[in-house]
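Student: One structure, as structure tokens, below. Some questions next.
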Amino acid sequence: MTTITDPPKESFRLSMLLYDTRYRSMTIQVIALIGFSAAVWWLVGNTIQNMNALGKDLSFNFLGEPAGYDINQRLIEYTSQSTHFRAAIVGVLNTLVIAVLGCALATVLGIVIGVLRLSNNWIVSRIMTVYVEMFRNVPVLLWIVLAMAILIETLPAPRDYKGDDATASMFLESVAVTNRGIFIPGPSFSNGFANSTISWLLVVGVLVASILAIRYVRAQATKKQEATGVRPTTWYLQLGLLVVPVSIVCIAMGLFWTSPELKGFNFKGGIHLRNSLIALWLALSLYTAAFIAENVRAGIMAISKGQSEAAGALGLRPNRIMSLVVLPQALRVIIPPLISQYLNLTKNSSLAIAVGYMDITGTLMGISLNQTGRELETLLLGMLIYLTISLLISAAMNVYNSRMQLMER
């Protein structure tokens with residue numbers, strides 16, 4: 001009888017770290033990690049050494065010092081005696097305003113332009129092509145400056161609204177479009193916390209709670225539809241959840257609207273949308289919309305023509321085919337590159353300093369840096385803020401993208 005025995009186990013040798021495939025990949029990763037750590041250690045150490053040579057230390061105490069400068073466009077209370085930290089918060093909010101408004105307008109324009117580029121109408125498709133090529137091939141900074149120049153040079157001055165020989169008039173007796181910005185009616189509160197940030201946080205909190213409640217109602221309606229085949233009517237309940245709670249809070253705090261009035265050389269009251277905000281918003285939106293339009297066009301062209309032909313055979317009109325059949329499927333192709341365009345728009349908002357809009361670049365990494373001399377600290381904070389905003393946008397869009405993907409069984 002022959003006895004089969006296991007071969008003797010080979011003892012471990014250092015050469016196996018390079019020549020044995022079982023260990024080689026881990027060896028390369030460890031070497032790369034050591035090299036990266038050494039580079040970071042050298043960079044940090046060299047920075048600290050140079051700062052010590054200049055008599056500086058890494059400190060963020062300047063954030064608690066008075067800023068000493070004004071910010072013209074702001075969402076929360078701020079004065080020149082506020083701290084650099086509060087000035088940075090104002091800058092972050094201004095950046096978020098541009099990011100949200102810009103992404104919303106760019107998405108709408110991009111979808112419309114992308115669809116029209118595929119139109120059978122030769123003139124319409126060529127006009128959209130000219131738009132895309134014109135905006136894509138000119139630096140966004142030039143569009144921002146051009147938009148600012150157009151607003152300043154073409155719109156009427158506040159004095160043109162004054163007197164019997166006025167050459168301009170307010171739209172609906174409550175909106176004034178001037179070369180200093182647009183003045184619109186603004187909400188105010190007479191009770192409660194009286195126009196403080198807490199008042200707006202309370203309204204926003206109630207609105208968010210209402211939206212969550214509406215989502216719950218929709219989810220329950222979907223469950224019932226899956227169980228019985230009949231979807232209950234819930235539009236009136238959703239409308240009530242959206243309107244009633246917010247209305248109760250606003251009435252309790254004494255909500256009223258203030259309209260702009262011409263006093264002296266400028267309008268007072270209401271909300272003042274400065275030209276810097278409008279120019280930056282329009283320029284970034286129009287510029288980014290050109291890229292989104294190409295993403296939309298590519299997504300639509302990725303859908304088989306058989307889908308449109310089958311929908312047409314069922315009697316659907318072309319606009320319904322696009323909205324109900326083509327676009328929902330094209331979103332799976334559109335959303336991934338759309339995330340990059342949102343991130344680009346948010347980062348391009350740092351060019352706001354060119355037209356005097358005080359975002360995080362103009363406040364923390366601009367005036368605060370020049371006043372305190374803390375260039376390393378302010379730049380690190382600014383980079384961290386932009387990184388955080390970008391990661392949040394990516395995370396939110398990735399969640400939406402995962403919901404739009406086809407579910408495999």
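Student: At 0.36 nm per residue, minus the direct Cα-Cα distance, what do residue 119 and residue 215 gain on full extension? Give it in nm, one decimal, please.
Tutor: Numbers: separation 96, 0.36 × 96 = 34.56 nm, distance 3.60 nm.
Stretched fully, the residue 119-residue 215 segment lengthens by 31.0 nm.
Student: Follow-up. Could you tell me the center-to-center distance, by alpha carbons, between the stretch 86-105 and the stretch 224-269 in angstrom?
Tutor: 23 Å
Student: Quote the FRET efficiency, to the nearest 0.05, computed for residue 188 versus residue 347 with a Förster distance R0 of 41 Å and r equal to the Cβ-Cβ distance.
Tutor: Details: r = 35 Å, r/R0 = 0.84.
The formula returns an efficiency of 0.75 here.
Student: Dipole of the chain, Cα-centred, from +1 at each Lys and Arg C-beta and -1 at each Asp and Glu C-beta, to the nearest 20 debye? Walk me through the numbers on the way to the answer.
Tutor: Numbers: 30 positive and 21 negative charges, 248 e Å.
The dipole magnitude comes to about 1200 debye.
Student: How do 265, 291, 36 stack up against each other in accessible area, from largest to smallest, with a 1.4 angstrom probe?
Tutor: Values: 265 175, 291 55, 36 135 Å².
Sorted by accessible area, descending: 265, 36, 291.
Student: Which ³J(HN,Hα) values in Hz, rounded to whole numbers, follow from the phi angles of the stretch 310-326 under the Karplus curve 6.51 cos²θ - 1.76 cosθ + 1.60, where θ = phi - 60° and Gly and Pro get x?
Tutor: 5, 5, x, 5, 7, x, 6, 6, x, 5, 6, 4, 5, 7, 9, 10, 7
Student: In terms of the Cα gyration tensor, with a ≥ b ≥ c the square roots of its eigenvalues, is the stretch 215-341 rounded because a/c is under 1.5, prolate because a/b exceeds b/c, or oblate? Display every interim value, and only then the final one.
Tutor: On the way: a/c = 3.03, a/b = 1.32, b/c = 2.30.
Since a/c reaches 1.5 but b/c is at least a/b, the shape of the stretch 215-341 is classed as oblate.
Student: Give me the distance in nm between label points sitting 7 Å out from Cα along the Cα-to-Cβ direction at residue 244 and residue 169, one decimal.
Tutor: 4.3 nm
Student: Short version: ³J(HN,Hα) in whole Hz for each residue of the stretch 384-394, in order, from phi by Karplus 6.51 cos²θ - 1.76 cosθ + 1.60 (θ = phi - 60°), x for Gly and Pro, what are they?
Tutor: 5, 5, 4, 5, 5, 4, 5, 5, 5, 4, 4
Student: Is the C-alpha gyration tensor of the stretch 187-255 telling us rounded, prolate or oblate? Criteria: a/c under 1.5 is rounded; beyond that, a/b larger than b/c is prolate, otherwise oblate. If you can, show how the numbers build up before the last one.
Tutor: Values: a/c = 6.23, a/b = 3.16, b/c = 1.97.
Taking the square roots of the gyration eigenvalues as a ≥ b ≥ c, the stretch 187-255 is prolate.
Student: Another question, then. Which longest uninterrupted range of the chain lacks any GluC sites (Glu not before Pro) assigned by DSSP to a loop state (not H, G, I, E or B) and surrounded by at most 13 other Cβ atoms within 10 Å?
Tutor: Numbers: sites that count: 10, 77, 173, 408.
Within the chain, the longest run free of exposed GluC sites (Glu not before Pro) spans 174-407.
Student: Which of 137, 120, 46 ends up with the largest GNM mean-square fluctuation for the chain, with Cα atoms connected below 10 Å?
Tutor: 46
Student: List every residue whose amide H lies under 5 Å from the amide H of residue 181, counting only residues 5 or more places away in sequence or on a different chain, with H placed 1.01 Å from N in the peptide plane.
Tutor: Residues meeting the amide H criterion: 275.
Student: Between residue 263 and residue 371, what length in nm is gained on full extension when 0.36 nm per residue of separation is reduced by their alpha carbon distance?
Tutor: Details: separation 108, 0.36 × 108 = 38.88 nm, distance 3.47 nm.
Contour length minus Cα-Cα distance gives 35.4 nm.
Student: Work out how much length residue 44 to residue 26 would gain on full extension: take 0.36 nm times their residue separation and subtract the Cα-Cα distance, in nm to one decimal.
Tutor: Separation in residues times 0.36 nm, less the Cα-Cα distance, equals 3.8 nm.
Student: Put 162, 305, 56 in order of accessible area, largest first, 1.4 Å probe: what do you get? Kindly include the intermediate steps, with their values, before the conclusion.
Tutor: Working: 162 115, 305 160, 56 70 Å².
Putting 162, 305, 56 in descending order of accessible area: 305, 162, 56.
Student: Rounded, prolate or oblate: which fits the chain when a ≥ b ≥ c are the square roots of the eigenvalues of the alpha-carbon gyration tensor, with rounded for a/c under 1.5 and prolate only if a/b beats b/c? Please list the in-between numbers first.
Tutor: Values: a/c = 1.77, a/b = 1.23, b/c = 1.44.
The shape class here is oblate.
Student: Let me ask something else about it. Taking θ as phi - 60°, what are the ³J(HN,Hα) couplings along the stretch 32-37 by the Karplus curve (6.51, -1.76, 1.60), each to the nearest whole Hz, with x for Gly and Pro?
Tutor: Ordered by residue, 3J(HN,Hα) equals 5, 5, 5, x, 5, 5 Hz.
Student: Then there's this: Carbon-plus-sulfur fraction of the accessible area of the chain, 1.4 Å probe, in percent?
Tutor: On the way: 16730 of 25450 Å².
The computed percentage sits at 66.
Student: Using a probe radius of 1.4 Å on heavy atoms only, what accessible surface per residue do you get for the chain? Whole Å² is fine. Can you show the working numbers first?
Tutor: Values: 25450 Å² over 409 residues.
Using a 1.4 Å probe on heavy atoms only, each residue of the chain averages 62 Å².
The values are calculated or read from the model by the stated rules, or taken from the named source; none is laboratory data. All figures in this text were calculated on a predicted structure; none of them were measured in a lab. Virtual Cβ from ideal backbone geometry, glycine too; neighbours counted across all protein chains shown. These area figures cover heavy atoms from the full protein model, side chains too; ligands, DNA and RNA do not enter into them. Shrake-Rupley method; radii C 1.70, N 1.55, O 1.52, S 1.80 Å.
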